[in-house]
Every structure is written in C-alpha cells, then in structure tokens.
Amino acid sequence: MKEVVLPDSIEVIDDHAFSYMESLETVNMPKSLKVIGTGAFYGTKLDSVVLPESIEKVSDDAFGKTNVTFNSYNGRDYLPI
C-alpha cells in the first residue's frame, strides 16, 4: 500500500499504526488530527508530511526511520529522532 487516506473525523493515530509499512509513501493528515502515536509511521517511505494546525502531540519516533526530516506545528519545530 503506497497511500493511506484517513477519515476526516480521526483525532488520534495509534502507536505503531503504520510502522514498518515499508511501501507507504503518502498519508493525508485530516484537520481533526490531534495526536500521532509513538512509532506511528516508523520505517515507512514517507519523506514529507503536512501536519494540520489541530496537532497537539507528535509522540517519540512517530516518523523514526523515515526520510521525514523537518516538520513544524503549533509554532514549534519538530525534528524526528
């Protein structure tokens, strides 16, 4: 699966929800999204992500082992570890 389309009503992406989905290249982040869980996209092929203003928390290693190098949300910079 190369693309994931999340429903507009989703507020939380659970821990490890898409981890090691090695073919995943694209995911939409709905405007309702508040939390991205630990390792949610760990080990995917994502290289860029647009986070909505509704984001309150990006958990540890949410984008670990991906090509995502920089994101900004709520006026704060987020650098994946």
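Bear in mind these aren't lab numbers, they're just calculated from the coordinates by the rules spelled out. Just so it is clear, the model here is predicted, and its values are computed rather than measured. With ideal geometry, Cβ positions are generated from the backbone for all residues, glycine too; neighbour counts draw on all protein chains shown.
For the reader, a short list of remarks on this structure follows.
- Put simply, the amide H of residue 4, placed in the peptide plane, has neighbours under 5 Å in 26, 27, 28, leaving out anything fewer than 5 places away on its chain.
- If you take all other residues with their beta carbon under 14 Å from the beta carbon of residue 34, and give Lys and Arg +1 and Asp and Glu -1, the sum is -3.
- Those lysines that a straight Cα-Cα span of less than 20 Å connects to residue 65, excepting residues fewer than 8 apart in one chain: 2, 45, 57
- For residue 18, net neighbour charge (Lys/Arg +1, Asp/Glu -1) across residues whose Cβ lies under 13 Å away: -3
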